[in-house]
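Presented below is the structure to which this report refers.
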Amino acid sequence: TALNAAGQRKAKLKDTSSFALLYVYRPSKFICSAVSFPMYGNDLLMCGFPEKGGAFVFKVQKQGPLRLQGQHRQKKDYLDLDIRFGQKYYVRVDTKWSMSRCIPYLTEKEKVKGEEEFLEAQF
C-alpha cells in the first residue's frame, strides 16, 4: 500500500529521496468537537480523527496524485495533492457547521504554518 505510518514524531529520517512525508492534523476546536470521522487517501482508510483533534504522520511511498477525503456521514471534502519524493505536505482537517451538521474541510498549509499547527495539534 502507498500509505504507511511513519512512526513516532521524534524519528529522524535522513534520506527522504524515496518517499514523501504527509502531516495530517485536526486542531482542537469547540465547533463540532464531539464529531469524529475517518480520513481516506485514494479510497484507503488512513486514520480516524478523534473528537478533540489529533495529528498523524504518514510516509507516502508512491509519487503522483493523492486524493485525501474527510467524511462525516454523507458529507465529504476532498483535497488533491501531487506527491513528490523528498517533500513534506501539511494538511489541516477542520470541521465546519452548516445547516445543522458538521462538514469536514481539508486545506493544505505552507511549511512554516503547517509545522506550527501540527505541533500544537499533538497536545
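Quick notes on this one:
- For the range 44-76, the candidate set comprises residues that are more than 14 Å from the chain's Cα centre (by Cα) and loosely packed, with under 12 Cβ neighbours inside 10 Å; within that set, the residue that is farthest from PRO27 (Cα to Cα) is GLY64.
- Test: residue in the range 97-107 that is closer than 26 Å to SER18 by Cα and either modelled with pLDDT of 95 or more or assigned to a loop (DSSP other than H, G, I, E, B) (or both): no
- Residues of the range 77-117 classified as surrounded by 14 or more Cβ atoms within 10 Å (Cβ to Cβ), among the aliphatic types (A, V, I, L, M) and more than 12 Å from the chain's Cα centre (by Cα), total: 2
The values are calculated or read from the model by the stated rules, or taken from the named source; none is laboratory data. Remember, it's a predicted structure, so these values are computed and weren't measured experimentally. For neighbour counting, all protein chains shown are included, and Cβ atoms are generated from backbone atoms with ideal geometry for every residue, glycine included.
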